Amino acid sequence: MPPRIPFFTCLRASQNASAANATRSFSQTSATAASTVTQRRRRHDPYALAQAKARKAANLSRQEVLKKERAAALGDPVNGVETPFVRSFDTALPPEPAAPNQRTQTRVATSPSDDAPGPQSERDEHLNFYLSKQELDQGIEHSRWLSTPPASAFQDVAGVTTSDLLTPEEKQAQLAQQQTTANEALRRIASLSLGSSKDRLRVNIQRIIDTFGRHNTDSTLPPRPKDQDRTPYNLRTPSSPDQANQRVGLDTGSSEVQIAILTAKIRTLSSFLSDRGRMDKVNKRNLRLLVHRRQKLLRYLERKERGGPRFQNVVDVLGLTEGMWRGEISL
């Protein structure tokens, strides 16, 4: 038979439990009411409001500073850092010798001789109208032969020569002056300093192909690491040099060449829009298209070369920044 529990004992236990629950609920309600009252007091406290506004202003100013630092770290997505090779796009002349991997943020003023209308024979490697130095020299020699008159040209019908009016030294000096003027005229006509932007772009493309073309860089730059591991098994070629595929002709379609050509076009177009074409909406759209096309090629080259020597060579020579291929570009 189970033991009997007295009635008064059960009643007393139930009263104690209800009292404990009431005490707990009262303490929770009082704490909540106390926190609500504190918050209400803070809302009406001018000192607390001033502190909150100061913290918010400090947070917003810090966010602006961080945003500017991130933008500065990425760099200019259009022009990037100016290098001697990029600066040479303006004149289509080979860049002056500088230290390797050297970048300059400011534009270096050229010497007065570089701005002269005539070509600099020691630096010009390309001339206008698809001319070479040999053809220009041949044209100058031919003009000298044409400008030298025969001896019979100085004699008139009456038998009196016009050379009697001038001494032989004066005749030679006059002829030399005429030949010098003709030579200077031919050199100025063939110079790129008097050509259009289209002529300079054509010469810049030739220089870019000679600089970044893989028919020249294959012998100087090492290949990307673990080239065979990324190639599918059914597309792998034998590694023996006898069976390797040989390049035929100039390299005009590789990513390095196309990126450099787009950089030359972007520099010309951005300089035009910053000076004279502020209201030219069509060329602004063309600039956006060129910048995003270069971004796609840079992403492809970085992914393909794994940041190898070819990618680093393009970045260093052209002065490219991370903002040109990372993130979203908005102009």
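Bear in mind that the values in this text are calculations on the coordinates, not laboratory data. Because the structure is a prediction, the values reported are computed rather than measured. Every residue, glycine as well, gets a Cβ built from its backbone with ideal geometry; the counts of neighbours run over all protein chains shown.
Quick rundown of the values:
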| quantity | calculated |
| --- | --- |
| Per-peptide average of other Cβ atoms within 10 Å, ordering 197-208, 255-266, 51-62, 302-313 highest first | 255-266, 197-208, 302-313, 51-62 |
| Under 5 Å, built H, 5+ apart or other chain: amide partners of E82 | T104 |
| Leading residue at positive end of dipole, the range 269-325 (Cβ point charges), from L301, V314, L290 | L290 |
| Amide H contacts of G75 (H built 1.01 Å from N, under 5 Å, at least 5 apart or other chain) | G323 |
